[in-house]
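Notes for the one structure printed next.
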């Protein structure tokens, strides 16, 4: 582009500074405000819990808290993968495709009611491997063909969904391997094993983000790709690896989802993309990349799950849930975007 | 490899590939099954393409300004639910109400995108969620059949005029109006300018925000029209009625030769793209490709088409 957008800045600001921006600027300026913004999701979560407890004390019962932990397991695992992608400033729309691929591979290879396979835990490994491969495919398509991630992953989303529904023959296939089913049915210290798996995934994500080179490189790319490249980060390798890591987490989530549901079907992944994106964004990870992380996402997942649980306790129609989540995405993104860095929003 | 990409980058080649592909596909179908493109089957093809084309035309406006609309399937489904729900009580008035809802949610997407400065794919993902939730809520999660009484107002959509299905005529009207709007109105020229280079358009005094909001409003309205037609054809409305149409609609736009980066393309290209997608779908059914596997083909086609048509000079960093 021959026109330098820096010199256009005065025009841009004049044109674009609406009253709303001014209000945001007043609220989110300075160090104190920055700290407030960092902790805003946590404050929202606490306030939400208090309000729901006041409205319906059943919320705080141990049984309900376990229920919340259980229903947060799959979204948390998914959102861990999504966090890395959004940290890079990209997006992965193929969540539902990857999850349904993993669930499909799992039920078809483990004991089921459609064929005679019985590979036990090898099926779990195969499922996660298949989903990881999808993630790597995303990364390769994005970096080698050089197309934006939302388009690459939109295509892969439907490729994955198509393959899994095709392999399932359009019907639901039951998972009958008891040891895999025990992920959802058995408990350890009062919590279903699925919750522990999700917690392990969370720990793994923490290690990747804070204690590996990959994690630092992902943050660097999100913070500024040109700077990262000049600093010697191998962009292509980091991007492909990050999408692969995301695929790994989606695969684990797919295994958990199939174990919880006891089957795999065409709609096992419905709404998962939405929940994952909501959780990451509500947690405070910026869509522009380079800001936030897996700790934010944990809070985000809890906000989304607690709110869904609270709405059920308060007798609000479950159908409205998507509407509420959509509004939450809009509010969270609008509040968290670093407006100074965005000259053009597409 | 470089030579190949140079060939694809030449403007006229990009413009010529889709029509050539369409002709090739028609020839293949004609050879495989002579007489396919005459009379009744041609009418059927046009009728099936109509809904896809109307949806894709709406998205064309948004893609031309360099954005994307991921809420069209939700808006179309909501419109179908509203139509099915209201036809028994207010009769034909249900049409403007359903289409008006599409307009409102289109404007809403635009405002969220422009005023709150949320990237369009997230903004429309979010409004799509809002709309899908509302559709589920209105319909209480069920499909609503349009009863005998309500069907009186929808039969005309399923009819034919001089052998041409009414839906095809509606699609043609939508296409021609959109074509004229893009080519001969200030908004149309501004859209292309915004898509081609937003800073330049802004500096030239184009009201970028308004242009963008109008583009999203058109997308929402056309999605609702498509939803209404779909409901009339199937005699039912459901919160997931149009869910399978998001990918084919975007694929139709891109395959037709409109660049995802904006500023290049148009409604005529989308018409070609929609026909290609339709023929490929019919062809796949004909060869015996499993209906569930069609999405795999469309996903792959989408990626390939984006890779060919995208203008990489416009995006310094591919995120």
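Values in this text are rule-based calculations from the coordinates and carry no lab data. This is a predicted model, so every value here is computed, not measured. FYI the Cβ positions are ideal-geometry reconstructions off the backbone, even for glycines, and counts take in every protein chain you see.
Here are some notes:
- Computed over chain A with a Gaussian network model linking Cα atoms closer than 10 Å, the most mobile of A:202, A:59, A:243 is A:59.
- Förster radius 41 Å - calculated FRET efficiency between residue A:37 and residue A:129 (Cβ-Cβ, nearest 0.05): 0.55
- Size descriptor, Kirkwood hydrodynamic radius, that averages inverse alpha-carbon separations across chain B, Å: 20.0
- Panel order for A:328, A:80, by other beta carbons found within 10 Å of each beta carbon, from fewest to most: A:328, A:80.
- Averaging 1/r over each pair of different alpha-carbon atoms in chain A and inverting the result gives 21.1 Å, the Kirkwood hydrodynamic radius.
- Helix-only arithmetic for chain B: the sum of -39500 (n - 2.57) across DSSP H runs with n ≥ 4, divided by the residue total, places the mean residue ellipticity at 222 nm at -24500 deg cm²/dmol.
- The label-point distance for residue A:199 and residue B:31, in a model that sets each label 7 Å from Cα toward Cβ, rounds to 6.5 nm.
- Every pair of different Cα atoms in region B:257-302 enters the Kirkwood calculation, which places the hydrodynamic radius at 11.7 Å.
- Averaging the Cα positions of each part gives two centres, and for region B:255-319 and region B:69-128 these lie 24 Å apart.
- Label point distance in nm, residue A:314-residue B:244, each placed 7 Å from Cα along Cα→Cβ: 3.8
- Each part gets one Cα centre, and for region A:119-182 versus region B:200-242 those centres are 32 Å apart.
- Partner shielding of B:196-206 amounts to 4, given as the average count of beta-carbon atoms from other chains within 10 Å of each residue beta-carbon.
- Here the contact order of chain A, divided by its residue count and restricted to Cα pairs under 8 Å and six or more residues apart, works out to 29 percent.
- Other protein chain C-beta atoms within 10 Å of residue C-beta, averaged over A:323-335: 6.
- Ordering of B:249-256, A:50-57, B:99-106, A:306-313 by burial proxy (mean other Cβ atoms within 10 Å per residue, highest first): B:249-256, B:99-106, A:306-313, A:50-57
- Helix axis angle, A:95-109 relative to chain A longest principal axis, alpha carbon, degrees: 20
- Here region A:34-94 and region A:214-264 have alpha carbon centers that stand 21 Å from each other.
- Global geometry of region A:147-248, whether rounded, prolate or oblate, following the gyration tensor of its Cα atoms and the 1.5 cut on a/c: oblate
- The mean number of partner chain beta-carbon atoms within 10 angstrom of a residue's beta-carbon across peptide B:110-119 is 6.
- 0 to 90° range, to nearest 10: angle between helix A:294-313 axis and chain A longest Cα axis: 70
- Once both labels are positioned 7 Å from their Cα atoms along Cα-to-Cβ, the gap between residue A:331 and residue B:185 label points is 3.5 nm.
- Convex hull of region B:16-112 built on C-alpha atoms - directionally averaged projected area, nm²: 9.0
- Computed on the Cα trace of the protein assembly as shown, the radius of gyration divided by the Kirkwood hydrodynamic radius gives Rg/Rh = 0.96.
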